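Here's the structure, in structure tokens; my notes come after.
Please treat every number below as a calculation from the coordinates, not as lab data. The model shown is predicted, which means the values in this text are computed figures rather than measured ones. We place every Cβ from the backbone using ideal geometry, glycine too, and count neighbours over all the protein chains shown.
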Amino acid sequence: MKNRDKLKQLLMDIFLLSETEFRFDLKREEIPTWDSMGTVAMAVGINETFNYHFTPAEAMSVNGVEDIIRILESKGIPFHD
Amino acid sequence: MTEQRVLNLHDLRNLPRETTTAWVTPSVRSRVEAGLGFTLRPPLQPLPSGVQTLVVIAGGTLIDEAKVWRLENAPLVKLIAVPSIWGSGAEASPIAVRNRNGKKDIRIDPKLLPDARGVWPELAASVPTPRARMACGDCWAHALEGFLSPLAGDPLRLEISKLIRQMLRLPLAGDPAWFELSARACAGQAQASVGVVHGIAHVLEGALQAQQPAGDWNHAKLCSIFLFPVMRFNQQASGKWQNLLQQYELPADTILKVLRELFDCHAFDLAIPALSVHWMDILRDPCTRTNSTTVRPSSLDYFVGKVFL
């Protein structure tokens with residue numbers, strides 16, 4: 001599975017989004033389940049899926065799906081596959 | 001883990017009778033009347049003027065109710081919580097979990113922490129054997145989920161790992177030592193969070209009580225039943241479970257053996273239909289979302305299919 005698809009499935013599962021609700025340009029404020037606990041769950045899931053551990057500052061700075069991709073790409077995890 | 005004062009039976013007996021009153025659970029009423037001689041009053045009712053100290057001797061449910069009641073109605077009254085059974089750790093926690101309309105109302109506030117907790121080891125003798133066993137499961141759930149929580153730091157994990165080693169030396173039965181270990185387990189998890197065992201227990205307790213009133217469904221029973229399946233789930237979902245236990249020199253196989261002893265397959269089967277119906281509510285529970293591994297909609301299959309066995 002491509003990294004984009006892995007990330008999409010992970011975020012749909014964590015934030016309980018349907019296929020039609022998910023977009024790669026989704027912002028945090030558009031997702032009611034993306035609260036502080038959602039941020040913890042997202043960081044745990046990113047670690048499991050991409051083997052990268054968000055620092056607390058990184059996790060708190062994420063304001064949308066594009067931010068997650070940007071951080072992971074900066075760590076050498078490609079999203080143009 | 002906490003700076004809360006700890007009082008023994010001698011300290012409790014020396015509290016001034018004229019300004020102290022007590023709320024107690026019925027199962028320990030006669031023992032309290034004989035042993036302490038406080039004026040007993042009906043719980044959650046206004047206190048007479050002049051009362052400066054309220055002693056609550058009960059299980060976690062009444063202690064948590066008293067914590068909120070004191071905060072809202074008598075914030076200047078000193079609250080001393082004495083558990084009549086171990087497991088909840090309510091006496092040592094700034095968290096109050098109350099049943100409201102079949103759902104859990106969870107409040108977190110430093111002012112909810114009782115001013116002191118009392119230890120009365122002899123009360124362990126009044127706990128029926130099945131209930132004692134479930135209380136041990138409640139304590140194990142706090143310790144393990146607190147230890148594994150992604151919000152726990154190294155100092156907390158080190159402290160809880162020492163606690164877990166002590167718990168391994170105790171039987172899953174009535175033993176006064178559980179009172180102290182339970183308080184420490186709860187104080188520990190209060191600094192981190194818990195996980196999906198608690199998410200399941202919080203969501204299913206009311207539903208199962210309504211569906212199966214004779215089933216004696218309570219928080220401790222649900223923690224005891226689901227702890228083994230959930231820890232196996234965590235273990236199989238990622239290497240984090242095994243790595244953390246190794247890092248803190250905790251014996252995974254021995255811990256799983258204890259949890260397997262707590263597992264009640266018949267009760268688990270009775271709970272599975274409710275688990276399936278309420279799975280999405282469980283996923284939305286804040287405790288589930290701080291589980292040590294990701295719990296997904298599809299994770300339900302793991303539990304329904306008993307992949308953990």
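So the values come out like this:
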{"item": "Among B:Leu222, B:Leu244, B:Leu204, residue whose mean-square fluctuation peaks in a GNM of chain B (springs only between Cα atoms under 10 Å)", "result": "B:Leu244"}
{"item": "Dipole in debye (nearest 20) - the protein assembly as shown, about Cα centre, beta carbon charges: Lys, Arg +1; Asp, Glu -1", "result": "640"}
{"item": "Order of B:Arg117, B:Arg31, B:Arg13 under a 10 Å beta carbon neighbour criterion, fewest first", "result": "B:Arg13, B:Arg31, B:Arg117"}
{"item": "Helix B:219-237 vs. chain B, principal-axis angle (Cα, 0 to 90°, nearest 10)", "result": "30"}
{"item": "Extreme residue, positive dipole direction of the protein assembly as shown, given options B:Val32, B:Cys136, B:Gly87 (C-beta unit charges)", "result": "B:Val32"}
{"item": "Partner chain coverage, peptide B:284-297 - average Cβ within 10 angstrom", "result": "5"}
{"item": "B:Ser292 long-range amide H proximity, modeled H, under 5 Å", "result": "B:Val196"}
{"item": "Leading residue at positive end of dipole, the protein assembly as shown (Cβ point charges), from B:Asn8, B:Gln45, B:Phe226", "result": "B:Asn8"}
{"item": "Region B:83-172, dipole about Cα centre (Lys/Arg Cβ +1, Asp/Glu Cβ -1), debye to the nearest 20", "result": "240"}
{"item": "Folded to 0 to 90 degrees: helix B:265-277 orientation relative to chain B principal axis, Cα", "result": "80"}
{"item": "Test item: A:35-44 mean partner chain Cβ contacts at 10 Å", "result": "5"}
{"item": "Listed residues B:Gln189, B:Pro286, B:Pro273: farthest to the positive end of the dipole of region B:128-304 (Cβ charges)", "result": "B:Gln189"}
{"item": "Relative packing of peptides B:256-262, B:125-131 - highest average C-beta neighbours within 10 Å first", "result": "B:256-262, B:125-131"}
{"item": "Over 26 Å (Cα to Cα) - which of A:Lys8/B:Lys240; B:Lys104/B:Lys162; A:Lys6/A:Lys75 fall in this group", "result": "B:Lys104/B:Lys162"}
{"item": "Computed FRET value (nearest 0.05) for A:Met12 with B:Asn73, which takes r as the C-beta separation and R₀ as 51 Å", "result": "0.70"}
{"item": "Net +/- balance of residues flanking B:Ser182 in space, Cβ distance below 12 Å, scoring K and R +1, D and E -1", "result": "-2"}
{"item": "Ordering of A:8-15, B:136-143, B:99-106, B:235-242 by burial proxy (mean other Cβ atoms within 10 Å per residue, highest first)", "result": "B:136-143, A:8-15, B:235-242, B:99-106"}
{"item": "Tilt relative to chain B, helix B:196-211 - C-alpha long axis, 0 to 90 degrees, to 10", "result": "70"}
{"item": "Dipole in debye (nearest 20) - region B:5-124, about Cα centre, beta carbon charges: Lys, Arg +1; Asp, Glu -1", "result": "200"}
